[in-house]
Amino acid sequence: MLEDLKPHIQDLRKRLIISILVLLGAFGVCLDFWEQIFHYIKLPLVDVLGSEIRGKFIASGMIEGVFIAMKSALFAALIISMPVIFWQIWIFVAPGLYKHEKKIVIPFVFFGTFMFALGVAFSYFGVLPFIIKNVLLFGNDQFEAYITAENYFAFFIRLIIGFGIAFELPVLCFFLGKVGLITDESLKGFFKYAVVIIFIIAAIIAPPDVISQVLLAIPLVMLYGLSIVILKFVNPASKLADFSEDESDEATPTTQDSTDSNVLS
């Protein structure tokens with residue numbers, strides 16, 4: 001059994017090495033521009049602090065600036081490397097697929113990258129400013145907010161990457177439906193459990209207030225609903241049932257056929 005798995009493990013290692021090398025190359029380039037990158041990372045917070053919220057954006061440690069520079073460059077490198085990473089995932093999965101299933105390689109890479117970028121953009125321009133404003137407004141008339149760069153960056157990455165990954169759900173469901181692993185009915189049956197999981201994820205990603213968690217959970221539930229709609233066209237359970245009924249009808253002789261057979265015999 002180990003001998004059978006060895007080629008797959010070697011191929012997986014190769015795909016990981018290529019992805020990591022591309023990521024490191026992009027990291028090296030982005031490190032020269034970390035100040036510009038971090039400017040856009042902190043912009044949602046700085047805009048709020050400069051208008052309606054009393055507070056300051058500070059560094060709390062001697063080497064915090066070094067870590068922020070590296071993390072900013074790594075974040076940008078990950079975004080840039082996503083098409084290559086999706087391509088390597090596809091190359092690893094493709095040998096186990098049929099020929100007609102391999103034709104979705106370009107849509108998989110394109111829409112996988114597009115949906116990740118869409119999730120990042122939705123989080124950055126829509127969710128992030130709203131959460132920052134509402135969280136910092138609470139009690140701001142009583143005290144001034146001092147936000148450390150490390151604390152904000154950790155929250156920023158958790159939210160942005162979380163939404164980027166969450167927006168991959170329709171693409172993943174399309175792929176799994178295309179190879180026949182899931183149907184629209186299977187997602188409908190799992191819906192109540194999915195809602196619970198989604199709210200747990202929202203509680204992990206978002207700050208500990210109900211409004212932010214609901215704000216995060218609603219788009220994820222909508223993405224789950226979109227995945228069901230996609231599967232209605234890609235791999236609907238009704239067609240599978242009709243196909244099974246047709247096969248059973250063909251396999252079972254009719255009464256008239258049985259009578260004709262008896263007459264002939």
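The values are calculated or read from the model by the stated rules, or taken from the named source; none is laboratory data. As the structure is a computational prediction, the values presented were derived from the model and not from experiment. In this analysis, Cβ positions are derived from the backbone assuming ideal geometry, glycine residues included, and neighbour counts consider all displayed protein chains. What goes into the accessible areas is simple: the full protein's heavy atoms, side chains included, and nothing from ligands, DNA or RNA. Shrake-Rupley method; radii C 1.70, N 1.55, O 1.52, S 1.80 Å.
A few remarks follow.
- Accessible area (Å², 1.4 Å probe, nearest 10) - THR148: 40
- Extending 7 Å from Cα along the Cβ direction at PHE130 and again at LEU21 yields two label points whose distance is 4.3 nm.
- Loop-resident GluC sites (Glu not before Pro) (DSSP state other than H, G, I, E or B) in region 110-168 with no more than 12 further Cβ atoms inside 10 Å of their Cβ: GLU144.
- Taking label positions 7 Å along the Cα-Cβ direction at both ALA69 and ALA94, the computed distance is 4.0 nm, reported to one decimal.
- Amide N of region 63-84 lying under 17 Å from the label point, which is placed 7 angstrom from the Cα of TYR146 along Cα→Cβ: 63-65
- Bridging of LYS56 to lysines at a Cα separation below 19 Å is possible for LYS42, LYS133, once same-chain residues fewer than 8 apart are set aside.
- Whole-percent carbon and sulfur share, accessible surface of region 103-189, 1.4 Å: 73
- Rolling a 1.4 Å probe over the protein heavy atoms gives region 22-88 an accessible area of 57 Å² per residue.
- PHE199-VAL179 pseudo-label distance in nm [points 7 Å out on the Cα-to-Cβ vector]: 3.3
- Prolate/oblate/rounded label for region 154-219 (Cα gyration tensor, a/c 1.5): oblate
- Linear extension gain, ILE157 paired with MET222, 0.36 nm per residue minus alpha-carbon span: 21.2 nm
- Mean Cα-pair separation over length for region 4-103, i.e. relative contact order, pairs under 8 Å, 6 or more apart, %: 47
- Modelled FRET efficiency - R0 41 Å, LEU172 with ILE58, Cβ distances, 0.05 increments: 0.55
- Of the chymotrypsin sites (Phe, Trp or Tyr not before Pro) found in region 140-221, those that fall in a DSSP loop while having at most 10 other beta-carbon atoms within 10 Å are PHE143.
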